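First up is the structure itself, then whatever we jot down about it.
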Amino acid sequence: MNPPNQTPDDFSQFPLPHFTLTPPLPNPTSNPNFHPIPILNPNAAPPLNDHLISFPTPKKRRRGRPQRSGATSAYQFLTFTNGSFSPNLPNSNPNLDLNSIPSSSAATEQTTQPKTDDEIIIPSPRKKIDFGVISSIGGIEQVNYILIRNHIIAKWRENPSNWVTKDMFVDSIPKHCSTILNSAYNYLVTYGYINFGIAPAIKEKFPAEPSRRSNVVIVGAGLAGLATARQLMRFGFKVTVLEGRKRAGGRVYTKKMEGGNRVSAAADLGGSVLTGTLGNPLGILAKQLGSSLFKVRDKCPLYRTDGSPVDPDMDMKVEMAFNRLLDKASELRQLMGEVSTDVSLGAALETFREVYRDAVTEEEINLFNWHLANLEYANAGLVSKLSLAFWDQDDPYDMGGDHCFLPGGNGRLVQALAENVPILYEKTVHTINYGNDGVQVMTGSQVYEGDMALCTVPLGVLKSGSIKFVPELPQRKLDGIKRLGFGLLNKVGMLFPYVFWGTDFDTFGHLTNDPSSRGEFFLFYSYATVSGGPLLLALVAGEAAHRFETLPPIDVVAQVLRILKGIYEPQGITVPEPLQTVCTRWGGDPFSLGSYSNVAVGASGDDYDILAESVGDGRLFFAGEATTRRYPATMQGAFLTGLREAANMAQYAKSRTANKKINRSPSSNAHSYASALMDLFREPDLEFGSFSVIFCQKNANPKSPAILRVTISEPRKKNLESSKTDQQHSNKVLFQQLQSHFNQQQQLHVYTLLSKKQAFELREVRGGDEMRLNYLCEKLGIKLVGRKGLGPTADSIIASIKAQRGVRKPSSTPLAPKSGTSMLKTGTLKQKFIR
């Protein structure tokens, strides 16, 4: 009954946006000019979006008990009048593709084998521009791209065990759209929207030996790390995975439990339920394994503290009241605006419960607390610590479909993903050094060097500071790590000699009189239908999950058995002694220090994006469930971030290779680079206030490097004689040139390296140059330096931009501030840059 050395969390759901595939296509043979894909005429007007179906307001996921069809939870999202927060509703989110709409036929059939391939994960339009797939959002080009994209994905989803080639679509695409086909196909393959997974046809695409010089070190062999490793290996990278445990999978852990008389079962002690199957990439992996998913049935009876069943009418009444209070909390945060970011969801719910007196009797209060425990299970956090404003910020991306089990456990996916991946076990990483020359990952006395590194450790490990980053991570990322919440869920697995609890349901719940213990064994999962044996899992959430880890396992099991006997013995059913038991301790596991992330008071979805940002000019990357604002706290989300970072790392490696070719024989003359830099800044790619930016236009990666220059004016007294000179000077053109030259001598230029994405973010900062400077130095943690302080990395970037611009003629106009632009004073930069 001792807890295992490795531990799990319950990573279970995964929201996904919906959209429709191209409908079945007619037979083209009757018309030789017919194109199967309905490409639009580039000269035609863009179609109106009036026909598009808006997304329904999604309901907050409920991992344990499925939402009743009659219950409501129509949550609305914050809109701040000052524009500081853009609501995440699909109709206003630029990352949602509104040209892709839900299909009326996508409703999930009520069967034990749910659909997994009716819907697709939408690539962000903004990312498609950065990748060079389309030149702008909106218009015929994007519409044609969507048609081609959906056709490619639909073709692969017909049989995801096959490898889809570009040649399959050449005959069905008009020649004038061949460029879009090439770009769309390459984008979908690179970012893992098609041709990913563990099917033999995909494994065959792995090169026998690495074909690239880039060497990548991956920290962590969970779903994110394994997904990245497999993609990079297929891209031809040399990969080394360092795992602290003795096994792969991280917080996804399937333990084989065994008893006498050949009784055994597979227990998912970590990530267990796939909540939603439409478009689920793990559903695709299961299909490639030849395995069907098993739907978790909706029936979930509840039992009182004395073991008697809760009256169904009372159950329905309290559940509807609970959902009504969630709606009231939604209305409240709308009224409160930004103030709601500092208020907890728990405080709002408790206030409304008292005001509306929805739960007043002892049984009603116990039922209400059960629903709070279920909510704390879904978020791995106390409702008293969840942000009222953003606790459900990922709901717009909520995935449709059934909640499902994978027969035999999710360890089957881990085993398949880890096949032939070079994983070094029992390697505890304590230091990660990153810089212009690459990375060093240290475990004990061993050092693993690479061109890039990926850190996939859980948020709890990042919060603990057990891994030292050199140099320190930017303050912006450190603040995001601190703000996000990281909660706890534990489980008790019990293998019995036979099933005594019935087979007509997969879950049942138990109430408690003590609000502080509401999450203690509040929900039981029956795995008898999918694990291979009579297995029950009891869940411990909220405050109880933390207290649970201090209790002896023998006491814990005895308490669970008392609950089961209280429920079943009054029915004349004998509860046998378990053959084997196991208790998780995710909070005490040094490789997780918790279960999964949530949006705590003071945090927002932006913090997930911040954690996902790479640092060190594309040397150190981050993946895992806490790095995706759309699908946090899910197995699927972790897997998708692995595919995302594999694509990002490949793009950075490609960019660096291109720069090396351009700069293979760099000049040793620093003056030539300084002159080139001055020439390039005569025509900056971005210019706002006293800030100007240059970057390589051909590099579509938003994380590609850029050079920022800040111009500071030197305060000087007005020269009274200048007006006299102006009057006496007969040649005004000559005077203006001299005056411009004099003004330049009063300016100081300081520089820094940053990414294109950061440059565009800086441009959007409101409040003038001083606010931008504060954002640059304080939020991004970037220091400004003189020209010589930029170092050889900048020389490579300068050479790359210069080569890209080619014969582009520099402006002959002397570089001077544009009229209407502000000029920073030198005092503003006091102690904020290194010369």
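The values are calculated or read from the model by the stated rules, or taken from the named source; none is laboratory data. Being a predicted model, the structure only gives us computed values, none of them experimental. Note that each Cβ is placed from the backbone with ideal geometry, even for glycine, and that neighbours are counted across all protein chains shown. Accessible surface areas use protein heavy atoms only, side chains included; no ligands, DNA or RNA. Shrake-Rupley method; radii C 1.70, N 1.55, O 1.52, S 1.80 Å.
Computed values, structure above
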| item | result |
| --- | --- |
| Order of exposure, largest accessible area first, which applies to 549, 419 with probe 1.4 Å | 419, 549 |
| Accessible area of residue 660 in the full protein assembly, 1.4 Å probe (Å², nearest 10) | 140 Å² |
| For segment 554-647, alpha-carbon Rg and Dmax in angstrom | 20.9, 68 |
| Listed residue pairs exceeding 32 Å between alpha carbons, taken from 299/482; 287/757; 203/255; 166/477; 238/477; 468/783 | 299/482; 287/757; 166/477 |
| Å² per residue, accessible surface of segment 125-195 at 1.4 Å | 38 Å² |
| Dipole axis of segment 389-544 (+1 Lys, Arg; -1 Asp, Glu on Cβ), positive-most option in 533, 490, 460 | 460 |
| Apportionment of accessible area to carbon and sulfur, segment 125-195, percent (1.4 Å) | 48 percent |
| Average accessible area per residue (Å²) across segment 389-483 - probe 1.4 Å, nucleic acids and ligands excluded | 39 Å² |
| Heavy atoms of residue 771 accessible to a 1.4 Å probe, total area in Å² rounded to 10 | 100 Å² |
| Rg to Rh quotient for segment 125-195, alpha carbon positions, Kirkwood Rh | 0.95 |
| Carbon/sulfur fraction of accessible area - segment 453-567, other protein chains in place, 1.4 Å, % | 55 percent |
| For segment 515-558 versus segment 305-370, the gap between their alpha-carbon centres in whole angstrom | 24 Å |
| Contact order relative to length of segment 125-195, as percent, for alpha carbon pairs under 8 angstrom and 6 or more apart | 38 percent |
| Residue-normalised accessible area of segment 196-350, given per residue in Å² at a 1.4 Å probe | 37 Å² |
| Residue 676-residue 208 FRET efficiency (beta carbon distance; Förster radius 45 Å; 0.05 resolution) | 0.55 |
